[in-house]
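Structure record follows, encoded as C-alpha cells.
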Amino acid sequence: MEARLDLLDNPLAGKLFKHFNAAGRVIGESALPAATQELVKIRASQINGCAFCTDMHTKDADAAGESATRLHMVAVWREAKVFTDAERAALELAEQGTRIADAAGGVTDEAWANAAKHYDEDQLAALIALIAVINAYNRVNVIVRQPAGDYVPGMFG
C-alpha cells in the first residue's frame, strides 16, 4: 500500500504540518497528563479509522510505559475498569468531539461538566485542542491512505 500523496515530501504539506506540530508541542507541554493525551489520540484515531495514527500513538504510549492491557481496552473503555474517572471523562469528550456530526447539538453539557470536574481550564483548553489536532491529522492520513505499521517511536522528533 502506498499513500496517494507523499506528505513528507510535499513542500506545502511540510509548511502546514510545521504548524500542526507546533500546536501539538504546546499541548504536549501542557498540564494535561501525558497518558490521557495518548489515550485520547488513540481513541479518536480508532473512531476515524486512521491506521497510521493508531499505530503511532499506541507505540508512543507503549514506549512511555503504558500497559498493554490499557492500550487493548481503549476501544471499549466504557466497560473497562482500567481507566480513571478523569481519563473516562476525557475519552467521552474525545468521542463526542470526534463524532460531532453524529449528535444533534454536538458535545453534551453532561460530557462537558464531567470533564470540567476533572480538569482545570488550561487542561480543558489543551484537551479541546488535542481533540481538534488529532482529528485533523486523522483526516489527512485517511484521505491520502497513509499506510501504517512502520512507525518507530520518536521518528518524527
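The values are calculated or read from the model by the stated rules, or taken from the named source; none is laboratory data. Quick caveat, the model's predicted, so the values are computed rather than measured. Note: ideal-geometry Cβ built from the backbone for every residue, glycine included; neighbour counts use all protein chains shown. With ligands, DNA and RNA removed, areas are computed over all heavy atoms of the protein, side chains included. Shrake-Rupley method; radii C 1.70, N 1.55, O 1.52, S 1.80 Å.
Taking the Cβ of A126 as the center, what net charge do the other residues with Cβ under 15 Å away carry, scoring Lys and Arg +1 and Asp and Glu -1?
Summing Lys and Arg as +1 and Asp and Glu as -1 gives -4.
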Practice prompt. Highest first, please rank the peptides 59-66, 10-17 by the mean number of other Cβ atoms sitting within 10 Å of their residues.
Written response: 59-66, 10-17
Worksheet, complete the sentence: Scoring only Lys, Arg, Asp and Glu (+1, +1, -1, -1) among other residues with Cβ under 11 Å from the Cβ of A80 yields +2
Discussion item. Using the crude model of +1 on Lys and Arg Cβ and -1 on Asp and Glu Cβ, and no other charge, please compute the dipole size for the chain relative to its Cα centre, in debye to 20.
Written reply: 300 debye
Item to complete: Taking every pair of alpha-carbon atoms in segment 54-109, give the share separated by more than 13 Å as a whole percent.
Response: 65 percent
Discussion item. Please compute one quarter of the surface area of the Cα convex hull for the chain and express it in square nanometres.
Written reply: 9.5 nm²
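In the chain, carbon and sulfur make up what percent of the accessible area (probe 1.4 Å)?
Values: 5100 of 8940 Å².
Here it works out to 57 percent.
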Response to the item:
Taking every other residue with Cβ under 12 Å from the Cβ of V107 and scoring Lys and Arg +1, Asp and Glu -1, one gets -4
Worksheet item: Any idea what log10 I(q)/I(0) is at q = 0.21 Å⁻¹ for segment 12-66, Debye with uniform C-alpha scatterers and no solvent?
Response: -0.88
Worksheet entry | Partner lysines for K81 [C-alpha distance under 30 Å; skip if fewer than 8 residues away on the same chain] | K41, K59, K117
Worksheet, complete the sentence: Summing -39500 (n - 2.57) over every DSSP H run of at least 4 residues in the chain and dividing by its residue count gives a helix-only mean residue ellipticity at 222 nm, to the nearest 500 deg cm²/dmol, of -20500 deg cm²/dmol
Response to the item:
Over all pairs of different Cα atoms in segment 85-157, the reciprocal of the mean inverse distance gives a Kirkwood radius in Å of 13.8 Å
